[in-house]
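Data block below; observations after.
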Amino acid sequence: MELIVILNKPCKVRKIALGSYRITACMVVILMLCAASFYAGGYYSLEYSSNTVALMYQKAKLMHREESSRQRAMINEAKLEAQNNLDALAARLSKLQGHIMRLDALGDRLARMASLDDIDFSVNEPLGMGGPYPVNKQTSLQVSDFVQQLEQLGNEIDDRSDKLAAIENMLMDKAVQNKTLPEGVPLYGGWISSLFGWRADPITGKREFHEGIDFASKQNTRVMAVASGIVTWSGWRAGYGNLVEISHGNGYVTRYAHNRTNLVTMGDKVEKGQPVAIIGATGRSTGTHVHFEVVHNGQPVDPRKYISVN
């Protein structure tokens, strides 16, 4: 076997004769070179593939970590929002409980003021409620529905509170009026000796208009105020003798005349039923008695309207 080698030099060819031994050696060398090349390329490809897989794994791990962090952040945000909502609901519920306690106390006061002993405003026992089995399918309340009903309940409680407060003021005004409105008799154990209106004057016998009612009684009987008020006169007045005059407001004034002794002075605050004088016969009088007058807006009125004397 001959191997022809063409050199760069012009017209120069070299022939090399190869024997079987040389051919075999060349084949072995070529095979070894191919094997080495294949091994090197495979190793490089394997290393490249391993690095690629490792990078993909690291990237997936990083993406998983980021997704987990994002989900944890969303969960924490949801928990915080839920906690804030619960705190808001708890605060609102606390305010409603305070309103209900106030309404309970107010209702109890109103019951006492109105003498409604048969009404129980206690919250120790549950209110009676119920009904038949529901026809429609029942569903749970959503948070928004619960908040809306809670707000509506708060508005209703505020409205009831205002109305009950108005009723309380009316009852208090009525209670004050009951104390300041002339009512009852100025003494106990006596009797009426002269009524309101036209009569024959007991001293002159002539016809005169009597502007009060005379209550006769035994000596040392105490004369009492028929309503609460302020003493606007305590002293001697012509014809009346020792006089006590009390202003009760709303245009009402009461007078207690012919007293032996006055027990109050001008400016004193007196309560209904409080003794203000000792019965006597001072001034223009024929005997021991108290001359009782009721004046409304400057005009004398019949005391029988206020003392229920027939």
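The values are calculated or read from the model by the stated rules, or taken from the named source; none is laboratory data. A quick note: this is a predicted structure, and the numbers were derived from the prediction, not measured. No Cβ is skipped: glycine too gets one built from the backbone with ideal geometry, and neighbour counts run over all protein chains shown. Note: areas computed on protein heavy atoms with side chains; ligands, DNA, RNA excluded. Shrake-Rupley method; radii C 1.70, N 1.55, O 1.52, S 1.80 Å.
For ARG207, ARG284, ARG255, ARG72, give me the order by solvent-accessible area with a 1.4 Å probe, most accessible first, ignoring ligands, DNA and RNA.
The residues order as ARG207, ARG72, ARG284, ARG255, largest area first.
Relative to the present Cα-Cα distance, how much length would full extension add between GLN148 and LEU55 at 0.36 nm per residue of separation?
Computed gain between GLN148 and LEU55 is 28.1 nm.
Would you kindly find the accessible area of THR286, with a 1.4 Å probe and non-protein molecules such as ligands, DNA and RNA excluded, rounding to the nearest 10 Å²?
110 Å²
Put LYS179, LYS272 in order of accessible area, largest first, 1.4 Å probe: what do you get?
Sorted descending by solvent-accessible area, the residues read LYS179, LYS272.
Could you order ILE203, ILE278 by accessible surface area, starting with the largest, using a probe radius of 1.4 Å?
ILE203, ILE278
Based on the Cβ-Cβ distance from MET63 to MET32, what FRET efficiency comes out when R0 is 35 Å, to the nearest 0.05?
The pair MET63/MET32 has a calculated efficiency of 0.15.
Please report Rg (one decimal) and Dmax (integer) in Å for the Cα set of segment 208-266.
Using the Cα atoms of segment 208-266, the pair Rg, Dmax is 11.6, 33 Å.
If you take every residue apart from GLU211 with its C-beta less than 15 Å away from the C-beta of GLU211, what net charge results, scoring Lys and Arg +1 and Asp and Glu -1?
+1
Which semi-axes, in whole Å and largest first, does the equivalent ellipsoid of segment 179-310 have when worked out from the alpha carbon gyration tensor as the square roots of 5 times its eigenvalues?
21, 17, 14
Quick check: the distance between the Cα centres of segment 58-75 and segment 245-286, to the nearest angstrom?
94 Å
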